[in-house]
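Student: Quick one: the structure is below, and I'll ask about it shortly.
Just so you know, all these numbers are worked out from the coordinates, no wet-lab data involved. Predicted model, so just to flag it, every value in this text is computed and none were measured. With ideal geometry, Cβ positions are generated from the backbone for all residues, glycine too; neighbour counts draw on all protein chains shown.
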């Protein structure tokens, strides 16, 4: 899925879908009303638009995601690194960590992720 980019409102709707799917479209609207303060037309308009883009499915008034949260997060992360850091992951990490201290556990978790991404056994 190439078009996994979500705007803020779309992401907020999808976050609810990912948490509660499969969910009845009316129940989703009521959830959006309670948690986001959205009106019915806003919710159903976004459901329709995301359905047209193949991001979710609304079939028989049941809404389900067609893309995983991880796909969207990966796409957005890659876009930030590419746009802001010229595709350099080390530059991104350096900027992110600038002025921050990692706990021992966070540093260990990052080492493990790096080792796994290189194909090393942990």
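Student: May I ask you to sort 44, 7 by Cβ crowding, counting other Cβ atoms within 10 Å and putting the fewest first?
Tutor: Numbers: 44 17, 7 9.
If I rank by nearby Cβ atoms, fewest first, I get 7, 44.
Student: Here is a further query. The chain: Rg/Rh from Cα coordinates, Kirkwood Rh?
Tutor: Rg divided by Rh gives 1.10.
Student: By the gyration tensor of its Cα atoms, with a ≥ b ≥ c the square roots of the eigenvalues, what is the shape of segment 8-69: rounded for a/c under 1.5, prolate for a/b over b/c, or oblate?
Tutor: Rounded shape, in that the Cα axes give a/c under 1.5.
Student: Could you work out how much longer the chain between residue 102 and residue 35 gets when fully extended? Use 0.36 nm per residue separation minus the Cα distance between them, nm to one decimal.
Tutor: Working: separation 67, 0.36 × 67 = 24.12 nm, distance 3.33 nm.
Full-extension gain reported as 20.8 nm.
Student: If you don't mind, there's one more thing I want to ask. Sum -39500 (n - 2.57) across every DSSP H segment of at least 4 residues in the chain, then divide by the residue count to get the 222 nm mean residue ellipticity, nearest 500.
Tutor: Roughly -20500 deg cm²/dmol at 222 nm, from the helical runs in the chain.
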